[in-house]
Structures are given as C-alpha cells and as structure tokens.
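Since the structure comes first, as structure tokens, the remarks are kept for the end.
The values are calculated or read from the model by the stated rules, or taken from the named source; none is laboratory data. Every value quoted in this text rests on a predicted model; they were computed, and no experiment measured them. No Cβ is skipped: glycine too gets one built from the backbone with ideal geometry, and neighbour counts run over all protein chains shown. Please note that ligands, DNA and RNA were not included when accessible areas were found on the heavy atoms of the full protein model with its side chains. Shrake-Rupley method; radii C 1.70, N 1.55, O 1.52, S 1.80 Å.
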Amino acid sequence: MTQHFAASWLQSLSGKLESLTQWSWTSNKQGSCATHRNLFREFFTATFQKTLALVDETKKTEFLKVVERNLYKFDELTQQFPLGCLCALLQHGKDSALTQEKVAAWVDFLLERLHSRGWERNTVSEVVEECMSPQFQKFLPLMEEALRGRLADGLGRHLEKLGAEMQSKVLEGLPPLSERAEHIMASCTKELNQWLESAPRFPSTPMVLADTLMRMEHPLLKFFTAVKDANKKESFLVAVALALQGLRTRFRWMCAAELDLESLGKELQRRFFTVEGQQGPVMEMWLSSRLKKYNIEVATRTANLMAHDPIRNEQLRRRLEQLFPGRSDTDSEAGWLHLDGPTRLADALLNWLTESSTPAGSFFCPQHTVARETLFGLLQRFGRHFETDPRLSRARLNPRPSPESTVPSLESQAQTPKMLPASPAVAGTVPGQIVLSAGPPKVPLLLKAPPAMGLLPVRPTPPPLLPIRPVLSQQGGEVDNLVDLLLNEALDGMSLEMRSKILKLGHGVYRFGTKEVTLHTQNGRLFVYRIGEVVRQVPFQTLLQEEGLLVTPKQKAVPALTPGASGVADASSVARIALQAKQISAGVTTTVRAAALPPAPFGSGRPADPPRTDPQALMSKRVEAATKAMDVSKQIVRRSVNFDDDKLLRKLLSKGLKRDEAWLASYEEYCTARGVSKRDQRHHDKDFVATFIEQNLANSISKDWAKKIIYAHDGDKKEKKDKKDKKEKDKDKRKKDKKRKASDSSSSNENLGSSNAASSGLPMDMPMAMSVYGHGMPMAMGGMMGHLGNMMPMHLPMLGDVGMPGVSAETEDHRTRKRAKPDRGEKDKEKTKKSDKVGKASK
C-alpha cells in the first residue's frame with residue numbers, strides 16, 4: 001500500500017463517518033447499524049494501524065479529529081469509550097496523561113454499571129464480555145497498578161454470579177484478577193508471619209490480627225487457587241493455619257478480648273480447610289502432615305550439605321553465632337535464644353538452605369515451621385560451640401569451645417563421638433547445662449567407591465528428626481497446673497517413645513497423636529472433657545484404654561544395696577544408666593547440677609536483687625493471668641453444670657435467649673459460624689447445645705437468670721430425692737404395721753382356742769369313744785355323725801385332721817382378717833383335695 005492509496009482510504013473512511021446516523025436501540029433492531037459495527041472493528045485491525053503509519057502527521061491528526069467529532073454516533077455502552085481511548089493513544093502516546101485519563105474513565109464507567117445494576121446477571125455478563133474483548137485487552141498493559149487493582153476488586157465482587165466455567169475463563173483471560181489475588185495473598189501472609197513472630201507482645205495485638213483476618217474476606221481470595229505460584233499458595237495456607245491454631249490453643253484468651261476473632265477464624269477454616277462430605281474440617285491433620293514433611297526435608301538437606309561442603313558448613317556456623325547475644329558474667333540469663341516458636345535461628349537456617357540448594361529455587365519451606373528438635377540437631381552437629389539448658393528449650397554460645405578443628409573433615413564426622421568426662425565440669429558452663437559433644441551423632445561409615453570410577457564419597461542420609469514437640473517426654477517433668485501433675489502421674493511408667501507423642505497445646509489442651517484432647521479435674525481426679533469437637537466427660541483411664549495405652553501400676557524401686565551385700569539390682573538405676581548411655585551415644589553429655597546451698601539463717605546472706613520491671617515480662621504475665629482466668633471460668637462452668645443433663649442445657653439456652661441480649665447475639669453468631677439456618681434450639685442435638693453453653697456460659701454465669709436455673713436445678717434434685725426417700729420409708733412402715741397386725745391376730749386366735757379347750761374340760765388326747773361335738777350340732781352331715789353322743793367311725797381320723805372348713809377342735813376367731821390371696825392354681829388344688837376328703841368321709 002502506497003502513501004497516496006493510504007490517504008485516499010482515510011478520506012473514504014472520513015466520508016463514512018460523516019454520513020453515519022446516530023445509533024439507537026430501534027435502528028439496531030432494524031439492522032441499520034451494521035456500518036457502525038464494521039467501522040468499529042476496522043479501527044482496531046492491524047491494517048488500520050499500518051495505514052496511519054503511511055500518511056503524514058497532519059493527515060493523521062485530521063482523521064483522528066473526525067473520529068472524535070463523530071463519537072456520539074456510536075453505541076455509548078460498548079463503542080464510544082474504546083474509540084476515545086484509541087484516538088488518545090494514537091495522538092498522544094501510551095504515557096500521556098490524557099491517554100491514562102481516557103482509560104480510567106472507561107474503567108470507571110464499567111465499574112459504575114456493576115455498582116448500579118450488579119444484581120442483574122445479564123449486566124455482569126455484559127461487563128465481563130467487554131473486559132474480555134480484544135479492544136479492552138489492548139489497553140490492559142497501559143493501566144496503572146492502582147487502576148488494575150480497582151478493576152480487579154470491582155469484578156471480584158460479582159464473579160460469584162457467574163458459572164464455574166465462566167469464572168475460570170475470566171481468571172485466565174484477565175491477568176489483573178489473578179495478580180490482585182496473589183498480591184492480597186502475599187500481603188496477608190507477610191502480616192500473619194510478622195504477627196506470629198512477636199505475639200502476644202505489642203504490636204501483635206488481638207486487634208491487629210482481627211484486621212488481618214478481615215482482609216482475608218476479600219472476594220478474590222475465594223479464587224486463590226487461580227494463582228500459579230504453588231509456593232505462595234502454600235505459604236499463605238500455612239500462615240493462616242498457624243494463626244488459627246494459635247487462637248485455639250495458647251492465644252485462646254484473645255477471643256475474649258476481641259469478640260470477632262472466633263467468628264472470623266471459623267469462617268476462614270470453613271473456607272480454606274473444610275472438605276465437603278464426610279471429612280469436614282481437615283486443618284489440624286493437614287498442618288501436622290506439612291510440618292512433618294518440612295522438618296524432615298530441612299534436617300535431611302542440612303545434614304547432606306554439612307557433610308559434603310565444609311565451606312558452607314563453616315559459613316552457616318558463623319551466621320548462627322552472629323545471631324546470639326553476648327554473655328554476661330553477672331547475669332546468668334544473658335545470651336540465650338529460644339528454640340521454640342518463631343526464632344531467628346530458623347530464619348537463618350532457611351535462608352542458608354535456599355542459597356545453598358542447587359538448582360536455584362529447588363528448596364522451599366514456609367516460615368515458622370522449623371521445630372525445636374530440628375534446630376537442636378543442627379546445633380549438635382557443631383560440637384561444643386553451643387550449649388543448651390536442661391529443658392532443651394534455649395541455646396547460647398559456649399565461651400570456650402573444645403580445641404577441635406574449625407571445619408571437621410568428612411572422616412572425623414563419621415567417627416563415633418566419645419563420652420566426655422562428667423567431672424570436673426567443662427570450663428565456661430554452668431552446673432546443670434547440657435554441652436553438645438564434639439561432632440554429629442554416630443552414623444555409619446562412608447561408602448567409598450573405587451578410585452577408577454571418580455565418584456565422590458556419599459554419606460548415607462541421617463534419620464530425620466521428629467518435628468513434634470514432646471512436652472511430657474520426661475517423667476516427673478516441670479508442671480504448671482494440677483492437670484499437668486495428674487497427667488504425669490497417670491502416664492508414670494509409660495515408655496519415653498509413647499510419651500513423646502503427647503504434646504501440650506495450652507492450659508489443659510493436649511494432642512495425643514492426631515487427636516486434640518481437653519482435660520479437666522473433678523474432685524482431684526483427671527477427666528477427659530472433649531476429644532476434638534465431641535464432648536465425652538469420661539475418666540482419663542477410659543481414654544488410655546480406648547487407645548491401648550493403659551499403664552500398669554509402676555513397681556516401687558528396690559533400695560540400693562551396699563557394696564558386698566547380696567540382693568536384687570535396682571531397676572530404676574539400671575534404666576537411668578541405660579538412658580545415660582543412650583544420650584552419650586547420641587553425642588550429648590550432661591554435667592551434674594550442683595546442689596543448692598540452704599539459705600543463711602536470719603537472712604544473713606547476700607540481699608536479694610531488686611525486682612526489675614520489664615515491659616515484655618509484664619505483658620507475658622498479663623497474658624498468662626488472662627489465660628488462667630479463662631481456665632478458671634471454664635472450670636467453674638464445668639463444675640456448676642451437668643453437661644449430660646439435656647433438659648438443663650436446653651432450659652439454660654431458652655432462658656438466655658429470652659432474657660439476655662448478649663446471649664442471643666452470641667447464639668446467632670454461633671449458628672452463623674456453624675452454617676445452621678434454623679435458630680430454634682429444639683431442632684439441634686445435644687452436642688450442638690452443649691458446645692455453645694460451654695463457650696458462652698462463663699460470661700453469663702453471674703447473671704440472675706443463670707443463677708436461678710443452675711442453683712434451682714440442684715435444689716429441685718435434692719427436694720425430689722428427699723420426697724422419694726420419705727415415700728420409701730412410709731411404704732416400709734406400712735408393711736411392718738401390716739405384718740405386726742397379722743401376727744397379733746394369729747396369736748390371739750391361738751390363745752382363744754386354748755381357753756375354749758380348757759373351759760370344756762376335755763383333754764386334748766381324748767379317747768375315740770367320746771363325742772367331740774357340742775350340743776346342738778345339726779344332723780345334716782351325711783352319716784358322718786348321729787345324735788349327740790354317737791361315735792365317730794373307727795376308720796376315720798378326727799374331723800379336725802380331715803380339714804373340713806368350719807369344724808375344728810379349737811374355736812375359730814370370726815373377726816374379719818385380710819389374708820394373702822393364693823394363686824389360682826393352688827386354689828384349684830385345695831378344692832380338689834377337700835372334695836375328695838369329704839367324699840371319703842361320707843362313705
């Protein structure tokens with residue numbers, strides 16, 4: 001195409017623009033707007049760009065002014081803004097302020113459409129289609145960062161109205177959306193890691209954490225899976241899981257200080273760590289598996305790098321030494337660094353591994369995931385350059401390391417460490433300190449290849465260190481409450497391997513393997529209150545039986561025998577010697593702590609140091625006091641309310657909903673967090689109601705309505721019991737009276753019969769010829785007897801023995817008397833027997 005032809009073509013386009021009619025909805029339906037669409041598409045083709053490049057600047061400017069003058073004739077929703085941005089770009093360039101202003105106006109117009117009519121799905125689809133069009137994609141690279149963020153935020157609020165297929169298409173076709181999601185995710189990860197480093201000290205306050213968690217409610221974070229960087233996504237999830245786990249364990253008191261934290265945490269767990277179906281919440285299981293994976297990888301890579309690269313080994317040691325503060329001869333607490341939780345040692349180790357790993361970027365480990373055991377294993381490999389406290393929770397520099405080579409060779413590292421003498425104490429250590437022995441733990445010898453192959457010696461990978469923090473791994477360890485004391489007693493006699501699987505998460509909260517267990521005490525006994533989200537209320541021994549960990553009572557140790565005496569060896573001493581040998585073989589030796597001298601009498605010793613006011617220590621004490629106060633309130637609730645009484649729980653819930661506004665608000669938040677739409681408490685199960693009451697009754701237990709229900713319930717129980725006991729006593733008394741009356745009547749009958757016999761003057765053993773009947777006996781006995789004085793037949797016994805009713809040698813008492821009713825079968829037998837005897841007598 002020549003310059004002359006390009007000029008004539010532009011002139012023809014100008015004529016078409018001048019002859020256009022204004023676009024309208026009616027003309028579009030009639031099909032008279034085809035020219036508008038054809039011209040609009042032609043202005044954005046590559047041929048049009050080449051045509052403008054062939055003409056001079058004057059003709060180019062004149063044509064673009066014609067386009068701007070006829071912009072009102074195009075569709076105002078889809079065509080005017082793109083053409084205006086194109087004219088500004090072709091006249092002034094992409095860096096011009098006018099071009100940026102035109103593009104910003106276009107974006108603002110689209111966002112205003114969403115804001116005003118975003119509830120309509122058709123409007124959202126139209127705006128999204130325009131953003132996906134080639135005309136809009138042409139100006140995406142020209143947008144400033146703030147403008148791209150505003151566009152992504154505006155579209156992100158309405159993406160849920162589209163289908164899943166359209167959502168994935170938009171996220172792939174509009175880079176600002178995924179970039180904005182990645183930016184928010186990275187900033188939240190950074191804020192959470194900073195909060196975890198210094199929590200609960202200022203500035204890591206509950207309010208700061210609540211602000212960060214509220215930022216995570218951004219609608220674009222629901223589509224964080226569209227981010228292509230897998231490491232950033234995993235770092236984000238790990239940081240969120242660590243923060244939520246902290247809120248459930250050691251920072252539980254923050255939920256009482258900042259009420260929104262609990263609901264925000266539950267919502268985030270539902271959004272990021274809940275699998276639909278039978279699995280449900282999987283945060284604890286997922287985080288535990290990730291921590292184990294990261295610590296194994298860190299321990300393995302560190303061991304391999306230190307064994308094969310002495311230069312990097314020395315570089316790491318110097319970096320670690322620079323992180324430790326200086327020691328002081330007067331202050332025994334100076335120079336320590338904590339190994340638990342977020343620490344600078346872990347950050348330095350991760351940075352060193354990232355720099356040393358080849359190829360670059362092959363190693364990844366999120367912050368705050370390195371366990372104490374992994375750091376202890378690292379310091380152990382540097383020999384006597386470092387020392388730890390007896391609890392292995394802190395470390396510091398050893399002022400006088402052993403005179404060994406700074407960079408140990410591979411062969412020296414493979415040798416078995418020797419046991420250090422226990423006495424005298426190592427110079428520069430305090431009694432009770434654990435000094436790391438020279439060299440790493442014992443490992444197999446190096447595998448050497450033949451020289452002809454030219455291969456480097458390869459050290460077998462050492463066993464990975466456990467990433468779990470066992471807080472009850474030592475029998476009789478230090479405890480800080482009654483629950484810890486009773487738990488240590490219950491686990492007394494269990495192997496160290498099994499005890500190492502039990503770790504303490506907070507006051508009364510422990511993890512047994514993969515289960516989170518809440519313990520409490522009742523009358524000096526240890527009970528399991530909850531396992532996970534299920535309230536159990538069973539003795540601790542029941543849990544041990546279910547897990548197959550029931551410990552048999554430990555036998556008492558036999559007293560030590562004097563030399564030369566015969567007897568059984570002390571089992572505890574043998575176990576202690578075996579444990580020390582195991583520690584020595586692992587490269588760790590201990591020095592015996594000197595016995596503390598008794599205080600001088602009458603305070604004649606050195607005066608005590610004045611207390612120091614440390615803001616951090618004061619804040620820690622306040623946090624500990626708040627945590628203990630919350631534990632006490634929970635224990636009061638657990639002792640005051642019987643959580644097995646479903647009727648009492650539902651009565652508490654219903655009365656609180658009627659009379660306490662705070663209780664009602666908490667119940668609505670609780671139902672919303674659980675995703676429950678029915679607020680009627682009659683439709684919920686017992687566990688649902690019990691969990692809510694346990695979490696919220698501590699705040700309302702001092703109110704009148706709660707006191708009336710709790711204490712009135714106990715009074716009703718006592719009153720019912722008293723009534724029941726009284727009723728049983730009355731019943732027993734009536735039975736005794738009835739028996740006494742029956743015995744009295746029978747005795748009176750016997751007395752009356754004996755008196756009648758005496759008055760008649762007849763002896764009991766009368767001869768058979770005498771009559772036994774008194775005067776006036778009727779004659780209708782069927783021949784058994786005649787007139788008075790007739791003889792009884794000789795072959796029949798006395799009528800009293802026959803058992804005829806109403807006839808006896810004794811006079812019968814005719815007073816009414818209640819007799820026990822015989823069984824029906826016995827009645828029939830008696831009637832048959834009597835009829836037979838009467839028949840024989842008649843014969």
Checklist entry - From the phi of every residue in region 263-268, what ³J(HN,Hα) in whole Hz does the Karplus formula 6.51 cos²θ - 1.76 cosθ + 1.60 yield, where θ is phi - 60° and glycine or proline is x? => result 5, 5, x, 5, 5, 5
Checklist entry - What FRET efficiency, computed as 1/(1 + (r/R0)^6) with R0 = 25 Å and r the Cβ-Cβ distance, is obtained for LYS169 and GLU120, rounded to the nearest 0.05? => result 0.80
Item to check | Distance (nanometres) between label positions extended 7 Å along Cα→Cβ at GLU217 and ARG157 | outcome: 1.4
Item to check | Cross-link pairs LYS161/LYS293; LYS50/LYS73; LYS102/LYS228; LYS515/LYS651; LYS222/LYS293 - those with Cα-Cα distance over 28 Å | outcome: LYS161/LYS293; LYS102/LYS228; LYS515/LYS651
Checklist entry - Using a simple spin-label model with points 7 Å from Cα along the Cα→Cβ vector, what separation in nm is obtained for PHE364 and ARG740? => result 9.1
Item to check | Nearest-0.05 FRET efficiency for ALA257 and LYS293, computed from C-beta distance (R0 56 Å) | outcome: 0.95
Checklist entry - How do GLU262, GLU694 rank by accessible surface area computed with a 1.4 Å probe, from largest to smallest? => result GLU262, GLU694
Checklist outcome for this item: Counting only residues 5 or more apart in sequence or on a different chain, those whose built amide H sits under 5 Å from that of GLU516 are GLY532
Item to check | Apportionment of accessible area to carbon and sulfur, region 6-112, percent (1.4 Å) | outcome: 52
Checklist entry - Hey, can you rank 369-375, 203-209 by average C-beta count inside 10 Å, highest first? => result 369-375, 203-209
Item to check | Two-site FRET efficiency, THR35 against ARG69, from Cβ-Cβ distance with R₀ of 22 Å, rounded to 0.05 | outcome: 0.85
Next on the checklist: Need one number: nm distance between label points at GLN322 and THR45, each 7 Å from Cα along Cα→Cβ, rounded to one decimal.
Outcome noted: 6.4
Checklist entry - When only alpha-carbon atoms count, how far does region 248-320 stretch along each of its three principal axes, as whole angstroms with the largest first? => result 52, 34, 16
Item to check | Extension gain (nm, one decimal) between ASP687 and HIS308, 0.36 nm per residue minus Cα-Cα | outcome: 130.7 nm
Item to check | Candidates per trypsin sites (Lys or Arg not before Pro) in region 35-115, loop by DSSP, up to 15 other Cβ within 10 Å | outcome: LYS94
Checklist outcome for this item: Dividing the alpha-carbon radius of gyration of region 119-203 by 2.2 N^0.38 Å, where N counts its residues, gives 1.38
Item to check | Extension gain (nm, one decimal) between GLU145 and SER187, 0.36 nm per residue minus Cα-Cα | outcome: 13.6 nm
